[in-house]
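Each reported figure results from applying straightforward, stated rules to the coordinates on display, with no laboratory input. Just so we're clear, the structure is a prediction, and the values are computed from it rather than from any experiment. Here the Cβ is made from the backbone with ideal geometry for all residues, glycine too, and neighbour counts use every protein chain on show.
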Amino acid sequence: MSEQAHSNTQPKAEFFDQRHAGNLPLMLPTAGAVALVISLIWGFFDREQFAYSWLFAFIYFFTLIIGSLFWTLVHHATDAEWSVVVRRVLENVAMLLPYAFLFFIPLLFCAPILWKWWSVDPHTNEILALKQPYLSHWFFFLRLAIYAIGLTLVARAMMRNSSAQDADGHPRYTIAMRKIAFAGIPVLGVSLTFAAVDWLMGLDYKWFSTMWGVYIFAGAAGSGMCLLVLLTTFLRNKGYLGFVTMEHYHIMGKLMLAFCVFWAYIGFDQYMLIWYSNIPEETSYFIRRNIGSWWYLSTFLVAFRFFVPFPILLMQGVKKNPKYICMVAGWILFMQMVDMYLVVMPMYHQKGFAPHLLDLLSLVAIGAPLAFIFIKNLGKQSLFPVRDPRLSQSIKLTN
C-alpha cells in the first residue's frame with residue numbers, strides 16, 4: 001500500500017481491507033434494508049409514486065454501472081495503457097450488473113402504471129397498433145432477459161480473465177479480453193439503446209426520438225468516468241493505488257470534459273431537431289418538461305450540467321488536482337441524477353416539480369446494497385491487474 005509512483009519494479013498486489021471503509025459495511029446494508037422495507041410498505045398504499053420513484057432510482061444507478069462497463073471494454077478494444085492501474089475499479093463496478101437487475105423486479109409489478117401501453121388494447125389505438133409487434137408483453141420480457149444475460153456475461157467474462165491473469169500473467173488473457181471487448185461493445189450499445197427505449201421512452205408510447213439511446217449513453221459514459229475518479233481518489237486516500245499519478249487524473253479529467261461536451265451536443269441536437277420539425281408526437285416530451293416548475297429544473301440541468309463544469313474542466317490545473325476534479329465529478333454525478341429525474345418524474349407529476357420522500361428512499365434502497373456489494377468485492381482480488389503486460393507503461397504514464 002506504499003507510494004510506488006514511477007518505480008521500475010513490479011508492484012505487489014494490493015487487497016482492500018474492509019476496515020478502511022469504516023462503518024460503511026455495517027451502515028450500508030442496514031440503511032438499504034430499512035429504506036427498502038419503508039419503500040415497499042409505502043408503495044403498497046401509493047403504487048404510482050413508488051413506481052416512478054423506483055424507476056428513477058434504478059435507472060440512475062444502472063447508468064453508472066453501464067458507464068463503468070463501457071470504459072472497461074474501451075480499455076481493451078483500444079489497447080489502452082493509461083487505464084491499466086484503475087481498470088480493476090471499473091471491473092468491480094461492472095460486476096454489480098446482475099445485482100442491479102434484481103432491483104428491476106419491483107418494476108415488473110408496476111408495469112401497467114409506468115408503461116401505459118401495457119394495459120391498452122392495440123386494436124382500439126391506432127398508434128399502439130402500429131407499434132404492437134414491439135410493444136407486447138412477451139417481447140418486453142424477452143428483451144429484458146437478453147439485456148440482463150448479455151451484459152452480465154460480458155462483465156463476468158472480463159473480470160474472470162482479468163483475475164486469472166493475476167495468477168500467471170499469461171498474455172493470452174489480454175488477447176481474450178480484447179476479443180470479448182470487440183464483441184461486448186455492440187452488446188452494450190444495443191442493450192442500452194433498447195433498454196432506454198423500453199424503460200424510458202416507453203413511459204409515453206406516443207413519443208419517439210432516434211437520438212434517445214445516444215443521449216442516455218452520453219450521460220452514462222460521462223458519469224461512469226466521474227465515478228471512477230471518486231472511487232480511485234477514495235482508495236488513494238486510504239493508502240492504495242499510490243502509483244496513480246496526476247497524469248492519470250489528467251486523462252480522466254479530459255474524458256470527463258469530452259463527455260460533458262458530448263452530452264450537451266446530443267441533448268441540444270435532439271431538442272433542436274424535434275422543436276424545428278414541430279411534430280406533436282415528438283414535441284410533447286419537451287413541452288411536458290417546460291411547463292410549470294419543471295421549466296426551472298430543466299433550465300437548471302442545462303446550465304449546471306454543461307455551462308458550469310465545461311469551463312472548469314478546461315483548466316489543466318483542475319484536471320491535475322484530485323480535490324478539485326473530485327468536486328467536479330461529484331457535481332456531474334448529481335446532475336446525472338437530476339437528468340434521470342427529469343426523464344422519469346414529469347410523466348407522473350405533470351403539473352410541476354413535486355419531490356417526494358420515496359424518491360430519496362428509493363435511491364437509498366437501491367444504492368446502499370450496491371455500494372455494500374462493491375466494497376465486499378474489492379477485497380476478493382488485487383485492486384489493480386498486477387500482471388497485466390502493460391502495467392509498467394501505465395505506471396510510467398506521461399501525457
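Structure values in brief
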| quantity | calculated |
| --- | --- |
| Using alpha-carbon coordinates, inclination of helix 137-168 to the longest axis of the chain, degrees | 0 degrees |
| Restricting the stretch 112-204 to chymotrypsin sites (Phe, Trp or Tyr not before Pro) in coil, as DSSP defines it, with at most 15 other Cβ within 10 Å | 134 |
| Separation of the residue 275 and residue 19 label points, Cα + 7 Å toward Cβ, nm | 5.8 nm |
| Dipole of the stretch 22-373, positive direction: furthest Cα of 155, 373, 242, with charges on the beta-carbon | 242 |
| Separation in nanometres of the label points that stand 7 Å from Cα toward Cβ, at residue 304 and residue 265 | 2.6 nm |
| Fully extended contour minus Cα-Cα distance, from residue 179 to residue 234, at 0.36 nm per residue | 16.7 nm |
| Dipole magnitude of the chain about its Cα centre (Cβ charges: Lys, Arg +1; Asp, Glu -1), debye to nearest 20 | 860 debye |
| Bins of 10 Å from zero: percent of alpha-carbon pairs in the stretch 256-399 | 9, 26, 30, 22, 10, 3 |
| HN-Hα J in Hz across the stretch 60-70 - Karplus 6.51, -1.76, 1.60, θ = phi - 60°, x for Gly and Pro | 5, 5, 4, 5, 5, 5, 4, x, 5, 5, 4 |
| Gained length - residue 141 relative to residue 99, 0.36 nm times residue gap less alpha-carbon distance | 13.4 nm |
| Residue 377/residue 293 FRET efficiency (R0 35 Å; Cβ-Cβ; nearest 0.05) | 0.30 |
